[in-house]
There are 2 protein chains.
Amino acid sequence: MKNFYISKSRRVRSTPFTKRIEEQGVKSYTVYNHMLLPTTFSNVDEEYLHLKKDVQLWDVSVQREIEISGKDAHQLVQLMTCRDLSKSKVGNCYYAPLVDINGGIINDPLIYKLDENRWRVCIADSDVLLFAKGISSAKNLDVDIFEAKVDTLAIQGPKSTKLMEKVFGKDINNLKFFKFDFFNFNNKKFLISRSGFSKQGGFEIHTDEIKAALELYDYFFKIGNEFNLKPGTPNHPERIEGGLLSYGNDMDLSDNPFECGFDKYVDLNDDIVFFGKESLKNIKKKGITRKLMGVKIDAKSVDVSKGIIMKDLKNKQIGQLRSAAFSPKFNKVVGIAMVKKDFCNISEKFKIELNNNSISGEICNLPIV
Amino acid sequence: MKNFYISKSRRVRSTPFTKRIEEQGVKSYTVYNHMLLPTTFSNVDEEYLHLKKDVQLWDVSVQREIEISGKDAHQLVQLMTCRDLSKSKVGNCYYAPLVDINGGIINDPLIYKLDENRWRVCIADSDVLLFAKGISSAKNLDVDIFEAKVDTLAIQGPKSTKLMEKVFGKDINNLKFFKFDFFNFNNKKFLISRSGFSKQGGFEIHTDEIKAALELYDYFFKIGNEFNLKPGTPNHPERIEGGLLSYGNDMDLSDNPFECGFDKYVDLNDDIVFFGKESLKNIKKKGITRKLMGVKIDAKSVDVSKGIIMKDLKNKQIGQLRSAAFSPKFNKVVGIAMVKKDFCNISEKFKIELNNNSISGEICNLPIV
């Protein structure tokens, strides 16, 4: 595949860590929430193996945080998501699909409850800020909505706990999965959650003061050698194997939560009010006709940006490949695909066309084990 | 400046023309509305000179078109913009800033009135779709809102009329600036507007059928030699000199229309209902404290992605540089900056810091002539 350069501008924002990351040898970027997201330092295979063995620091500042506060904050957050937040607790993170009035997925953020009337919606790649502003203006809600000046570092990998302990102290061990709390470094308080876009365990550190954030960044690399800490990025084969979905890649507005396996995050009981509830009730009643599944493909690489259609052995279209990456573990390509219901069977065979060759693959579960 | 590669994925969509553009030697991309926008084929200076002399074909499919139709379509479109659309006519394009409830700019689309109850909002880089969906759901409006399956080619440059005549016939000459109509090629109808993101004159061809669009693309290059047609891209120095603002670069949600010189697109009379009207009334009453101005800087290049502060000769901050590019015409950098009101004077001197050197510049009007 030919390589192309990325053009920088003010519209495609750098992060506070961009300068350091470039000094550390980042090779490529993508753009996510109008901001630069590093995608490789060495190569994806090497980084995959390292992430599963040691620990990495990622600049994931692109996970922008939409802060919603005020008397009607809970009402607004609930209006946007199909997940029941009525029993939500301060200190918890909620993975919560946002849906439009048709039940189509607008985003799949992790929502942090900072206070009874104060939330942070940590978004995937779409302007949730504008959805929230549209609703709030039209309903004249008593809320403040803005993109917080927060940038995020992720510490991911099996050695993340040991590394974090060394920086923030033993208390970090008390932090449970999808909880957050405040921890000190150099007399500065950081909001830290046990979360992240890998299945190797880890933390996300939300920084709101650039100077302290850069000191922390440098300190990690000062003391990180004993854990073989390296700069890294969300790793495609690792997250595909782990069944971690990527908004815009695996699903978008034309897909509903049931098709994406989000059934446990859909609450249709009478007490909850959100847009799209009637649509989701209808979809649930009728049943879905397709579903996201794992796939394994007998190839070394597949470029999904070209739009890859999956066919059965009789040449009938059975699905669409949405993400794909070479897996060092399986020594073939793993992927995530939207597959017609009749073909959502483990080991179901299919084929795709790749450079005029017919390549075979098979359906599997997510996560891919 | 070091170069970095761009990572492609399904989330960062290709356009129907991407394959052809890559065959024609595109070198770099940016991402705009979650899609690839070519930024150079040869180099920006060469393309600047060619654009001002001959004619270029641009793939500007990233200008996504949000279609809003139905009984309440006019109401919804008006709610989003501060421009009075009550006397709008079918066949016209309206440059219309969209504002939030604080008067902050959400986008600066060209809005096409296709029919009394059918509009296309051709957007700059932000998810206007979600703003429209938020309002519509909350107000329970009778509208259909979706991103149209439309991709756009721009023909720009002084020879654009001659080239278009050869493809679509003499009638194309009757099309006035910011009007649109339908024209035939190969028995297929194309919506064509006299518009585009350059000051060299030109057209935008809105295509909704990939096969016909690709035939048209190839035909342009088959017959384009006599006009010295080349593939091109929106050209930064040309559009900066022309005073064409770029959303996300020159202005964003933290700026209001008066600060951006959009006074003639702000209507505050009693008949118009849009969010942000009260805020804009207050801003108008108080008067603005800063404004977008042109600048000329004694340098060969300035990287605005690093955040460039402008200071007066007494070291006082007077503004922020937002776009900058080397201008072959002035043999120095031209730019667009948000400048404190007291310093918005022609020929006012300022300095910026560049690689530890103090570089001088001066304020000028937009367009920069």
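The values are calculated or read from the model by the stated rules, or taken from the named source; none is laboratory data. What you are looking at is a predicted structure, and each value in this text was computed from that prediction instead of being measured. Methodologically, a virtual Cβ is constructed for each residue, glycine included, from the backbone with ideal geometry; neighbour enumeration extends over all protein chains shown.
A few remarks follow.
- All positions within the stretch A:272-305 that are of a type in the set (S, T, Y) and farther than 17 Å from A:D100 by Cβ: A:T289, A:S301, A:S305
- Looking across B:P367, B:P328, one residue alone is within 24 Å of B:L253 (Cα to Cα) and away from every other protein chain (no Cβ under 14 Å). It is B:P367.
- Selection within the stretch B:109-158 - within 30 Å of B:Y48 (Cα to Cα), assigned to a loop (DSSP other than H, G, I, E, B) and among the β-branched types (V, I, T): B:I123, B:V150
- Of all residues in the stretch A:216-242 being crowded, with 16+ Cβ neighbours inside 10 Å and of a type in the set (D, E), the one that is farthest from A:L175 (Cα to Cα): A:E241
- Residue list for the stretch A:318-369, filter: charged (D, E, K, R) and within 19 Å of the chain's Cα centre (by Cα): A:R322
- Test for A:K52: is it farther than 24 Å from A:V167 by Cα and either surrounded by fewer than 21 Cβ atoms within 10 Å (Cβ to Cβ) or more than 8 Å from every other protein chain (Cβ to nearest Cβ) (or both): no
- Meets criteria (exposed (fewer than 15 other Cβ atoms within 10 Å of the Cβ) and away from chain B (no Cβ under 14 Å)) for A:G196: no
- In the stretch A:11-24, of all residues being out of contact with any Asp or Glu (no Cβ under 8 Å at 6 or more places or on another chain) and either touching a residue at least 60 places away in the same chain (Cβ under 8 Å) or part of a loop (DSSP other than H, G, I, E, B) (or both), the one that is nearest to A:V150 (Cα to Cα) corresponds to A:S14.
- The set of residues in the stretch A:66-80 being more than 12 Å from chain B (Cβ to nearest Cβ) and crowded, with 24+ Cβ neighbours inside 10 Å consists of A:I68, A:A73, A:V77.
- Scope the stretch A:1-49; condition among the hydroxyl-bearing types (S, T, Y), at the interface with chain B (Cβ under 7 Å from one of its Cβ atoms) and over 21 Å from the mean Cα position of the chain (by Cα); matching residues: A:Y5, A:S7, A:S9
The rows are residues; the columns are (1) touching a strand residue (DSSP E or B) at 6+ places or on another chain (Cβ under 7 Å); (2) more than 23 Å from A:I106 (Cα to Cα); (3) more than 11 Å from every other protein chain (Cβ to nearest Cβ).
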| position | (1), (2), (3) |
| --- | --- |
| A:A124 | yes, no, no |
| A:D127 | no, no, no |
| A:L130 | yes, no, no |
| A:L141 | no, no, no |
| A:S160 | yes, yes, yes |
| A:M164 | yes, yes, yes |
| A:F168 | yes, yes, yes |
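- Checked against (1) under 25 Å from A:D127 (Cα atoms); (2) out of contact with any strand residue (DSSP E or B) (no Cβ under 9 Å at 6 or more places or on another chain), B:S279 passes all but condition (2).
- Flag if B:E204 is without any contact (Cβ under 8 Å) to a residue 12 or more places away in the chain and not in a loop (DSSP other than H, G, I, E, B): no
- Checked against (1) in contact with a Phe, Trp or Tyr (Cβ under 9 Å, 6 or more places away or on another chain); (2) in a strand (DSSP E or B); (3) surrounded by 21 or more Cβ atoms within 10 Å (Cβ to Cβ), A:N184 meets all criteria but (3).
- Of all residues in the stretch B:81-108, those that are away from chain A (no Cβ under 13 Å) and either under 15 Å from the mean Cα position of the chain (by Cα) or among the basic types (K, R) (or both) total 8.
- Test set (1) within 14 Å of another protein chain (Cβ to nearest Cβ); (2) in contact (Cβ under 8 Å) with a residue 24 or more places away in the chain; (3) out of contact with any Pro (no Cβ under 7 Å at 6 or more places or on another chain); (4) assigned to a strand (DSSP E or B) - A:S279 fails condition number: (4)
- Residue check, A:K306 over 26 Å from B:L130 (Cβ atoms), within 14 Å of chain B (Cβ to nearest Cβ) and without any contact (Cβ under 8 Å) to a residue 40 or more places away in the chain: yes
- Test: A:F274 is touching a Cys at 6+ places or on another chain (Cβ under 9 Å), in contact (Cβ under 8 Å) with a residue 40 or more places away in the chain, over 23 Å from B:R13 (Cα atoms) and within 14 Å of another protein chain (Cβ to nearest Cβ): yes
- Residue match in the stretch B:329-347 (condition: over 25 Å from B:A96 (Cβ atoms), in contact (Cβ under 8 Å) with a residue 12 or more places away in the chain, surrounded by 20 or more Cβ atoms within 10 Å (Cβ to Cβ) and in contact with a Pro (Cβ under 8 Å, 6 or more places away or on another chain)): yes
- Residue list for the stretch B:109-122, restricted to those being of a type in the set (S, T, N, Q) and within 14 Å of another protein chain (Cβ to nearest Cβ): none
- Filtered residues of the stretch B:135-175 (kept if small (G, A, S), in the same structural domain as B:L216 (by TED's automatic domain parsing) and crowded, with 22+ Cβ neighbours inside 10 Å): B:A154, B:G157, B:S160
- Checklist (1) closer than 18 Å to A:V44 by Cβ; (2) out of contact with any Pro (no Cβ under 8 Å at 6 or more places or on another chain); (3) not β-branched (V, I, T) applied to A:E241, failing item: (2)
- The criterion of being on the phi < 0 side of the Ramachandran plot, assigned to a strand (DSSP E or B) and of a type in the set (V, I, T) holds for A:T30.
- Of the residues A:D250, A:D298, A:D271, A:D263, the single one that is in contact with a strand residue (DSSP E or B) (Cβ under 6 Å, 6 or more places away or on another chain) and surrounded by fewer than 18 Cβ atoms within 10 Å (Cβ to Cβ) is A:D298.
- Per-region count, the stretch B:213-271, residues under 17 Å from B:D100 (Cβ atoms) and within 14 Å of another protein chain (Cβ to nearest Cβ): 7
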